[in-house]
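To start, the structure itself, in structure tokens.
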Amino acid sequence: MFLLLPFDSLVANLLGISLTVLFTLLLVFIIVPAIFGVSFGIRRLYMKTLLKIFQWATLRIERGAKEKNHPVYKPYANGIIAKEPMSLEEEIKEIRRSGSSKTLDAPEFELSDIFYFCRKGIETIMDDEVTKRFSAEELESWNLLSRTNYNFQYISLRLTVLWGLGVLIRYCFLLPLRIALAFTGVSLLVIGTSVVGLLPNGWCKEFLSKHVHLMCYRICVRALTAIITYHDQENRPRNGGICVANHTSPIDVIILASDGYYAMVGQIHGGLMGVIQRAVVKACPHVWFERSEVKDRHLVAKRLTEHVQDKSKLPILIFPEGTCINNTSVMMFKKGSFEIGATVYPVAIKYDPQFGDAFWNSSKYGMVTYLLRMMTSWAIVCSVWYLPPMTRQPDEDAVQFANRVKSAIARQGGLVDLLWDGGLKREKVKDAFKEEQQKLYSKMIAGSHEDRSRS
Amino acid sequence: MGSRASTLLRDEEIEEIKKETGFSHSQITRLYSRFTSLDKGENGTLSREDFQRIPELAINPLGDRIINAFFPEGEDQVNFRGFMRTLAHFRPIEDNEKSKDQNGPEPLNSRSNKLHFAFRLYDLDKDDKISRDELLQVLRMMVGVNISDEQLGSIADRTIQEADQDGDSAISFAEFVKAFQYL
């Protein structure tokens, strides 16, 4: 069969031509703008179109649900219990006051005290602040992705057709395009930085390294169809500082690094990640740790301090939560990066979940599955706020400083500010917290002059 | 394009639970999605570990006792009906219920049932009496290591003295209810 039939050669020709056209379009509309950092505005137009479609779909769902008398939205999306926070002492006093007729000047134990703990416990079973941060946020209205469909039953033929069309577009058109772009971006990064690494240290190397990094990250941003709005860019991190941000997914790195030139910190991985890490460190001094070194907090602190003290080195990018949280709240910041004494540049990142949820639930999905889910969503839309720099005041310690930065980030991004540790995703809560509750209660019934509590 | 959580809870089941516990339709669906989010094993039942994964419950000094109250005698798993039945004890009494007929079965969140729930938290061996030891155990759970044995003992003695009326140095359910006369 070494003679192609005329029909087959025609098909082969057409295929060749269409691929060439596609490639040229790709190059002109996506890669070249990425290199120069300009934008044609195609992605924003896409986003506006999608919003109109979602609005129409939501109206249809509401109308359909009213006809069939089904509840559409999940009730009490933010919590089932409405209460104002009161201290342990106040609440127990209230229970006692409503229970007994005695006057309360001797606050000793009453049988009714048990109701306080009972009620608190049952309330947290009904709804608590922590466990819901470790799974994807539930949307109020449907965005035509079956993965976010919790409550929306079959409404109409038109909606189903639209959903089917969406599947076709996402999987057959957008996904191959995005994979091609991602491939281009990553390979350019590895090759580019390795080549730049061969140059002698100096002004030229730095300039090229910066632009290679930026260019490749911008291509990756387009590979995810990420539509990012940067606010307050005059507060962008400078050399010798530390940039801290809330963590929702590995994509955070790409989003921040496509707008600024940072030194990354992290553990060396194997596989493709490792290849990328080893390549980029040739062009500019990122801080990579071996697996064994990560446990040694002093070593980590020492290397970071050395890095920030050298004013010519780039700002470090750190995510102090230590794990991915679902972007509705900010959890405890680990104090390590706040002890170093450098200027901290806080950054708040807030994703719009309507176009695609960026949260990486690492206990549910591996990295590859996660990236595929990202690439088959409509888009990743987010806002980045650069907050003014903060330094540690002389009268606060590292923990208080960390909390201050965390509150600023939470306030800007519209996230809930929690004191709980993100590590609770995998580990049990420390007993010290229970002991604190017990201490509070014993202080109340034993009275302060008889307090025999061990400190 | 089917949905996930809601279709697993059929309308007839929701009606039954509504009748038994008094929760509204939307409250039941909300609590059902809470139940499924706690159910990490996705087998339709909760185990003790599922409860202990809630940090705010794990730091509650009486957390373990409260968790135990959900599980029927000798069992390690609780299904959604059992979950709702226990939660129903704490549903606030609404005004339109106060004048319901007295002949029907007592609602789960009646005052008496609430007190019975609390009584069972104290009474571990289920002999319908709270002995001094059982009271001491619960007190120890609530105060931790911060109060000495003697002081705790005297608090327990005083409490039993005040509530005990038939002189058996233990608190029966009737005496327990009397102590909460105005609650």
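Values for this structure:
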| quantity | calculated |
| --- | --- |
| Extreme residue, surrounded by the most Cβ atoms within 10 Å (Cβ to Cβ), among residues of the range A:1-55 that are under 20 Å from A:Thr229 (Cβ atoms) and among the charged types (D, E, K, R) | A:Arg43 |
| Scope the range A:185-243; condition β-branched (Val, Ile, Thr) and within 15 Å of A:Ser39 (Cα to Cα); matching residues | A:Ile219, A:Val221, A:Thr225, A:Ile227, A:Ile228, A:Thr229 |
| Residue in the range B:145-158 that is of a type in the set (S, T, N, Q) and closer than 28 Å to B:Phe70 by Cα present | no |
| Residue that is free of Cβ contacts under 8 Å to residues at least 12 places away in the same chain and of a type in the set (D, E, K, R), where the choices are A:Lys350, A:Lys295, A:Lys335 | A:Lys295 |
| Lone unmet requirement of (1) under 18 Å from A:Asn239 (Cα atoms); (2) part of a strand (DSSP E or B) for A:His307 | (2) |
| Residue count, the range B:138-165 (criterion: within 28 Å of B:Glu73 (Cβ to Cβ) and more than 12 Å from every other protein chain (Cβ to nearest Cβ)) | 0 |
| Flag if A:Arg238 is touching a residue at least 40 places away in the same chain (Cβ under 8 Å) and farther than 17 Å from A:Val405 by Cα | yes |
| Members of the range A:96-116 that are within 7 Å of chain B (Cβ to nearest Cβ) and either outside any helix (DSSP H, G or I) or at pLDDT 85 or above (or both) | A:Ser100, A:Ser101, A:Glu108, A:Phe109 |
| Any pair with Cβ under 9 angstrom, 6 or more apart, that starts in the range A:256-267 at a residue that is more than 18 Å from A:Val384 (Cα to Cα) and ends at one that is acidic (Asp, Glu) and modelled with pLDDT under 90 | A:Gln267/A:Glu290; A:Gln267/A:Glu293 |
| Filter pass, B:Leu57 being crowded, with 20+ Cβ neighbours inside 10 Å and more than 18 Å from B:Arg85 (Cβ to Cβ) | yes |
| Residue identified as hydrophobic (A, V, I, L, M, F, W, C) and free of Cβ contacts under 8 Å to residues at least 24 places away in the same chain among A:Ala408, A:Ala446, A:Ala402, A:Ala358 | A:Ala446 |
| Identity of the residue in the range A:143-161, at pLDDT 70 or above and buried (at least 17 other Cβ atoms within 10 Å of the Cβ), that ends up nearest to the other protein chains (Cβ to nearest Cβ) | A:Leu159 |
| Any hit, the range B:71-82, residues being under 11 Å from the mean Cα position of the chain (by Cα), closer than 30 Å to B:Asp11 by Cα and facing chain A (nearest Cβ under 9 Å) | no |
| Subset of the range B:75-124 that is of a type in the set (Val, Ile, Thr) and outside any loop (DSSP other than H, G, I, E, B) - its residue that is modelled with the highest pLDDT | B:Val78 |
| Qualifying residue in the range A:254-264 (condition: modelled with pLDDT under 85 and assigned to a loop (DSSP other than H, G, I, E, B)) | no |
| Those residues of the range A:341-369 which are among the hydroxyl-bearing types (Ser, Thr, Tyr), part of a strand (DSSP E or B) and farther than 19 Å from A:Gln400 by Cα, in sequence order | A:Tyr351 |
| Residue list for the range A:193-252, filter: more than 23 Å from the chain's Cα centre (by Cα) and among the polar types (S, T, N, Q) | A:Thr193, A:Ser194, A:Asn201, A:Ser209, A:Asn239 |
| Residues within the range B:41-64 that are out of contact with any Asp or Glu (no Cβ under 6 Å at 6 or more places or on another chain), part of a loop (DSSP other than H, G, I, E, B), touching a residue at least 12 places away in the same chain (Cβ under 8 Å) and facing another protein chain (nearest Cβ under 10 Å), tallied | 3 |
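The values are calculated or read from the model by the stated rules, or taken from the named source; none is laboratory data. The structure presented is a predicted model; accordingly, all values stated were derived computationally and were not measured. Neighbour counts run over all protein chains shown; Cβ positions are idealised from the backbone, glycine included.
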